[in-house]
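Asks: Structure in structure tokens, see below.
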Amino acid sequence: MRFAPHAGHCMLALTILLGAVPAGAADNATAAQQAALGAPACRAIQPFYWEIGDRDGVLAGGGAPLDERTVARNTAMPVASASKWWYGAYVVEQRQGALTDADLRALRMLSGYHDLRYGSCVRLIAARRERETVAECLSERGNDTYTAADLDRFFYNGGHFQQHAVHEMGLGAANNAELARRINETLGLHIRYDSPQPAGGGIASASDYAIFLRRLLAGQLRLGTLLGAQAVCTQPGAACPSAVLTPVSNGEAWHYALAHWVEDDPRAGDGAYSSPGAFGFYPWIDAHRRFYGIVARHSLHPKAHLQSVECGRLIRKAYLSESPDTSHP
């Protein structure tokens, strides 16, 4: 599926963005562009839009391929699990940083509520989908099932957030519009939802999502100082007997913190924080919390999230390999 750019917006080419980068960073932007256009892992997932920036704005970005007009910076698309990062930030703001045990369990996928089926609250006629509430979605066909044996065991599923939103955050009566209003007012964003699922129903463009990432980097949201905090292991096996299910099916051992991943596999990870979505929308913040990045695409490939991670890492590595110090005091 392809999404047309919003009227009045055109693809941001790298040459347009170079004027915004710090002195000495043009080579890094060029290297990132070369990765986006030419690396086999990136060529395999084109077309997409990519972007790298810091807390002050965009440093580099553009379409891949350069003449593509179907994915632009302002192209809105389903971001799936990239929505989780927003919900985590929302909870931390609402709690003013003082998280309860229920918050910590839900935001780290340990609550035992892991039977939510994403499609159960999406494949509805449009009018009903807009009316349906967070609580009604939770009650659909066993989505609210609790598995006591999996309490405090990592099981990746949106049900943790759905149950938490209803029973801990007072969002049960919110439909798509009200859920978006609550999230936007708290986080200073302008995103929307096409399904009342805090863990996967979000709609955004790269431009929309970048605002959130910049607010994390700037310390304007409390979660920005808690990136990687309270992380739990996630790869089932001898090294992590408490893990039951992970979507990271490439064998890498990541950790999961407060509604976001830590890409810290000892062999392949670089410590970045991220929240890749099932359809390939991949937002990240580098391990040193200086830069953010996005790969924006929509794909129905069953491993679209991992494909975007692989490409996004190459773009990130290319940009950061000799990146100038743009950290702020």
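Asks: With everything on Cα atoms, drop me the angle between helix 304-320 and the longest principal axis of the chain, reported from 0 to 90° to the nearest 10.
Replies: 40 degrees
Asks: At 7 Å along Cα-to-Cβ for each site, give me the label-to-label distance between Thr30 and Arg131 in nm.
Replies: Going from the Thr30 label point to the Arg131 one covers 5.9 nm.
Asks: Which angle from 0 to 90°, rounded to the nearest 10, does the C-alpha axis of helix 83-94 make with the longest principal axis of the chain?
Replies: Long axis of 83-94 versus the principal axis of the chain: about 70 degrees.
Asks: Let me ask something else. Going by how many other beta carbons lie within 10 Å of each one, how would you line up Ile52, Ile211, Ile285, fewest first?
Replies: Ile211, Ile285, Ile52
Asks: Next question, about the same structure. Beta carbons within 10 angstrom, averaged per residue: use that to sort the peptides 217-225, 239-247, highest first.
Replies: Ranking the peptides 217-225, 239-247 by packing returns 217-225, 239-247.
Asks: Around Leu189, what is the net charge, scoring Lys/Arg as +1 and Asp/Glu as -1 over all other residues with Cβ under 14 Å from its Cβ?
Replies: +2
Asks: Percent relative contact order of the chain, based on C-alpha pairs within less than 8 angstrom and at least six residues apart?
Replies: Contact order relative to length: 23 percent.
Asks: Once you list every other residue whose beta carbon is under 9 Å from the beta carbon of Tyr273, what net charge do they have if Lys and Arg are +1 and Asp and Glu are -1?
Replies: Summing Lys/Arg as +1 and Asp/Glu as -1 gives -1.
Asks: Give me the net charge for the shell around Ser111: Cβ to Cβ below 15 angstrom, other residues only, Lys and Arg +1, Asp and Glu -1.
Replies: Computed value for this residue: -3.
Asks: Which ordering of Cys137, Cys233 is given by a fewest-first count of other beta-carbon atoms within 10 Å?
Replies: Going from least to most buried by this count: Cys233, Cys137.
Asks: Kindly express, to the nearest 10 degrees and within the range 0 to 90, the angle between helix 176-187's C-alpha long axis and the longest C-alpha principal axis of the chain.
Replies: Orientation of helix 176-187: about 60 degrees from the principal axis.
Asks: Also, I was wondering about something else. Could you pull out the GluC sites (Glu not before Pro) across region 220-329 that fall in loop regions by DSSP (anything but H, G, I, E, B) with no more than 12 other Cβ atoms inside 10 Å?
Replies: Glu322
Asks: Let me ask another. Please report how far the C-alpha centroid of region 164-178 lies from that of region 40-71, rounded to the nearest whole angstrom.
Replies: 34 Å
We did not get these values from a lab; they are worked out from the coordinates using the rules stated. Nothing here was measured: the structure is a model prediction, and the numbers come from that model. Glycine gets a Cβ as well: all are built from the backbone with ideal geometry, and neighbour counts include every protein chain shown.
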